[in-house]
């Protein structure tokens with residue numbers, strides 16, 4: 001995450017009111033033990049600690065009035081908060097706004113953690129969290145197992161993606177390293193990828209027909225992933241973007257590859 005609103009880098013004062021526009025930011029607020037500052041949150045933020053925090057809408061379709069209604073001193077969100085113009089709207093209405101950009105680069109993401117921690121008056125906690133998080137995301141030697149991460153059985157995480165960073169931190173090899181970014185891969189490329197592990201987004205099961213149908217595809221049927229029973233469905237947010245919980249995802253990947 002990278003800071004876009006430098007004016008918001010000053011820490012909030014005791015008793016001030018904060019809104020988390022997106023679930024990823026709400027997760028970070030909880031990790032920094034600053035949830036008591038929240039007076040509004042994204043509907044998609046489901047941490048138990050936030051159960052009593054008012055919902056200001058879904059980050060997929062936000063409007064300004066519900067945010068204004070809770071009278072925040074600071075609004076924090078990421079590019080998950082849509083529409084993109086919501087930040088300009090809130091700024092034009094006189095609110096202090098801190099927008100952080102997701103980055104598929106672990107160092108940039110950790111820097112964003114520190115910036116949010118500073119804004120929340122939790123610089124020491126954020127530094128400790130970011131340092132531990134970054135250490136867990138450091139590329140490691142490992143089994144060398146070929147791991148393929150896919151959104152829907154077609155789109156895959158290539159080089160330079162969050163998924164690529166997770167794979168490398170787990171000591172694996174990105175089976176889609178021949179492509180840059182997050183792109184579709186044709187059946188021939190899937191066959192060539194020869195994955196030992198395949199992980200697809202669980203919510204897209206209707207798209208790829210479920211795991212049984214996916215494993216039966218000619219390009220996968222003879223793969224090590226199918227033979228070893230390592231074609232799995234995970235929540236997309238776990239493995240296709242970086243987040244506070246990414247170290248736990250790295251641990252799961254490492255265990256799969258062992």
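Bear in mind these aren't lab numbers, they're just calculated from the coordinates by the rules spelled out. Given the structure is predicted, the values throughout are model-derived calculations rather than measurements. We place every Cβ from the backbone using ideal geometry, glycine too, and count neighbours over all the protein chains shown.
Residues 227, 217, ranked from the fewest to the most other C-beta atoms within 10 Å, line up as 227, 217. The alpha-carbon atoms of region 61-190 define a convex hull whose volume equals 121 cubic angstrom per residue. In summary, region 146-257 shows an alpha-carbon radius of gyration equal to 0.94 times the 2.2 N^0.38 Å reference for compact globular proteins.
May I ask you to order 35-41, 243-249 by the average number of other C-beta atoms within 10 Å around their residues, highest value first?
35-41, 243-249
With a Förster radius of 41 Å applied to the C-beta separation of residue 213 and residue 55, the computed FRET efficiency comes to 0.65. Subtracting the Cα-Cα distance of residue 232 and residue 202 from 0.36 nm times their residue separation leaves 10.0 nm of extension gain.
Working value for the chain: equivalent-ellipsoid semi-axes of 37, 19, 15 Å, each the square root of 5 times a Cα gyration tensor eigenvalue, largest first.
For residue 221 and residue 180, the FRET efficiency from 1/(1 + (r/R0)^6), where r spans their Cβ atoms and R0 equals 30 Å, is about 0.60. Under conditions of 20 °C and 1.002 mPa s, region 18-136 yields 151 µm² s⁻¹ as its translational diffusion coefficient, taking Rh as the Kirkwood radius over Cα pairs in the Stokes-Einstein equation. Spatial offset of region 141-158 relative to region 21-61 amounts to 30 Å, using the alpha carbon center of each.
Kirkwood hydrodynamic radius, computed over distinct alpha-carbon pairs, for region 128-172: how many Å, to one decimal? All intermediate terms of the calculation are to be shown ahead of the outcome.
On the way: mean 1/r = 0.0881 Å⁻¹.
Every distinct Cα pair counted, the radius reaches 11.4 Å.
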